[in-house]
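Student: Sharing a structure, written as structure tokens. Questions coming.
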Amino acid sequence: MRSTKVETGEVKGIPCGWPGITAFYGIPYAAPPVGELRWRPPQPPAAWNGVRDCARASARCLQLGVGKGSFYEKEFYPCEEEMSEDCLYLNVWTPAQSTDEKLPVIFWVHGGAFMTGYGHSAHFDGEHFARQSVILVTINYRLNIFGWMTHTELSVESEQQISGNYGLMDQISALGWVRRNIKAFGGDPNNITVAGQSAGAMSVQALISSPLTKGMVSKVIMQSGGGMTALPDMRFPALREAEARTDLTALGVSSVAEARMLSGEELLRRWAATMPGPAVQRTPVVDGYVLPDSLDKMAAAGNYRQVPCLIGYTADEGIPCDPSYEHFSALIRREYGVELGEQFLALCPRAEYESYKNVYFSEHLQASAEAWALLLEKQSAAPVYVYCMDRKLPGDQMGAFHAADLWYVFKTFLRGWRPWTGADYELAAACNTYWANFAHSGDPNDGRLPRWSPYTAANPASMELGERIGLQDFPDNERVRFRRAFLLNR
């Protein structure tokens, strides 16, 4: 399949390295969100005449990046990509040779703390999924001030009386586009697995909790995020709370109209000067429309798409906040309250904090994933497959760091700088196969790899993905047990 017809015109792809696989880059799923469309819900894209050449990816959303010379720049973003406010495009990798093959689809939402990232970076590539008869779709969506801006003026002009969540609405718009158009690429619109990592995983949970995605999702994958409150300090605030602290003067303007007159580059520069304060919202919000309530409350009430789930974390996630013990202890007391907070802090005293802080995030994600599995079991909702990726990547002492699993899931590790070994080849083959199997049927097993059973109260085992690949009853330390019980019983 080298070209096909979507609802707005014909698109022409580019052959991949493996015979029969075609990639289509930079397909518009919504109109450019610029000028008067800045901070408005995504609008339909314009149709075109002739054949659109989709051999090159679109620009990424305007963003600050991960820091010059930083670990994550070297690991994932060694080259600067074009940026633009005109960023609502998606990419498709398909092995189909006709439109009637009904192949399963993975719809991928990238991470980046809701502020950075893009769907066509080097570690995201669909060729290896396509080799397992799975279509991969990756998307770009609005980030930082472009994706999450809240203000009363914006809410007044909205039909639903809301603001913010433009990035989530972009994701929903892209998912709707896939539902309507994926058959043109040989895909099955009724077999879409929505997947993401970190903020992308949190987005996935938001998507299955939004009433706007009814009937769109058949399965979900959440990597290092999602589940039951993976990050206490990343809970989405209520819209009115976010509006109340929005300060346009921090951007050097007095109205939304003035802010819309700024170029995207100038707006990004002014927003950067507000960092790290809370003058402008930087995450989704609970707005009563896209998200009717908090994710935790919706989960407890069973108000989400109850579909099979694959969820997990890495063994050395690190700590995603101010590393001081003072900041950490304040966060814990705010999360648990005074009495329970002191009980939790007793399990991680100051004298042990230097060693503990590197597993803080991993333990929270472990508890979150396990609590999610137990909640869905209690609600008789759907099976949940839990994993821990504990492969210590070769080349430095960072271990199984946050996002390390991406190299293996997409089987793109050879694009990285590390001195990979045979263990990495084996792990990448296993991860890519488990994920592809799950996309096909909602079950990661096919008889070729160690059996992966759902995580349940009677069988609380997770899949170990590392030099060893197999089910493992990971140590249930007191902090994980405390956190899991808190999440399930509050």
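The values are calculated or read from the model by the stated rules, or taken from the named source; none is laboratory data. These numbers come from a predicted model, not from an experiment. Cβ: placed from backbone, ideal geometry, glycine included. Neighbour counts: every protein chain shown.
Student: From the residues in segment 437-490 that are farther than 21 Å from residue 104 by Cβ and hydroxyl-bearing (Ser, Thr, Tyr), which one is surrounded by the most Cβ atoms within 10 Å (Cβ to Cβ)?
Tutor: Looking at the filtered set, the residue picked out is 455.
Student: Those residues that are among the small types (Gly, Ala, Ser) and at pLDDT 95 or above, I need them from segment 433-455; list them, please.
Tutor: Passing the criteria: 436, 439, 441, 442, 453.
Student: When you check residue 195 against the structure, is it farther than 21 Å from residue 150 by Cα, in contact (Cβ under 8 Å) with a residue 40 or more places away in the chain and small (Gly, Ala, Ser), yes or no?
Tutor: yes
Student: For residues in segment 456-487 being of a type in the set (Val, Ile, Thr) and outside any loop (DSSP other than H, G, I, E, B), which is modelled with the highest pLDDT?
Tutor: In this case the residue turns out to be 469.
Student: Have a look at 32, 95, 45 and point out the one that is closer than 23 Å to residue 261 by Cβ and assigned by TED's automatic domain parsing to the domain that holds residue 150.
Tutor: One residue alone meets the criteria, 32.
Student: Which pairs do you get when a residue that is of a type in the set (Phe, Trp, Tyr), found in segment 258-285, comes within reach of a residue that is at pLDDT 95 or above, reach meaning Cβ atoms under 8 angstrom, with the pair 6+ apart or on two chains?
Tutor: That search, which allows pairs on different chains as well, returns 271/144; 271/145; 271/251.
Student: Test residue 228 against the criterion of being modelled with pLDDT under 95, in the same structural domain as residue 117 (by TED's automatic domain parsing) and not basic (Lys, Arg), and give yes or no.
Tutor: yes
Student: For segment 165-198, enumerate the residues that are of a type in the set (A, V, I, L, M) and either outside any helix (DSSP H, G or I) or modelled with pLDDT under 95 (or both).
Tutor: Those that are of a type in the set (A, V, I, L, M) and either outside any helix (DSSP H, G or I) or modelled with pLDDT under 95 (or both): 192, 194, 195.
Student: A follow-up question, please. Please identify the pairs in which a residue from segment 445-474 that is outside the structural domain of residue 371 (by TED's automatic domain parsing) and under 18 Å from residue 426 (Cα atoms) has its Cβ atom under 8 Å from the Cβ atom of a residue that is surrounded by fewer than 17 Cβ atoms within 10 Å (Cβ to Cβ) and at pLDDT 95 or above, counting only partners at least 6 apart or on another chain.
Tutor: Taking only residues 6 or more apart or on different chains, not a single pair turns up.
Student: Moving on to the next point. Being within 20 Å of residue 223 (Cβ to Cβ) and aliphatic (A, V, I, L, M) is the filter here, so list the residues in segment 179-208 that pass it.
Tutor: 192, 194, 195, 199, 201, 202, 204, 206, 207, 208 - these are the residues of segment 179-208 that are within 20 Å of residue 223 (Cβ to Cβ) and aliphatic (A, V, I, L, M).
Student: Count, please, the residues in segment 372-383 that happen to be assigned to a helix (DSSP H, G or I) and over 14 Å from residue 297 (Cα atoms).
Tutor: 4
Residue by residue, here is whether (1) under 24 Å from the mean Cα position of the chain (by Cα); (2) among the small types (Gly, Ala, Ser); (3) within 30 Å of residue 71 (Cβ to Cβ) holds:
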position: 403; (1), (2), (3): yes, yes, yes
position: 406; (1), (2), (3): yes, no, yes
position: 412; (1), (2), (3): yes, no, yes
position: 424; (1), (2), (3): yes, no, yes
position: 428; (1), (2), (3): yes, yes, yes
position: 439; (1), (2), (3): yes, yes, no
position: 463; (1), (2), (3): yes, no, yes
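Student: Do any residues in segment 411-434 that are in contact (Cβ under 8 Å) with a residue 60 or more places away in the chain have Cβ atoms under 8 Å from those of residues that are crowded, with 16+ Cβ neighbours inside 10 Å and of a type in the set (Gly, Ala, Ser), where the two are at least six apart or on different chains, and which pairs are they?
Tutor: 411/428; 411/429
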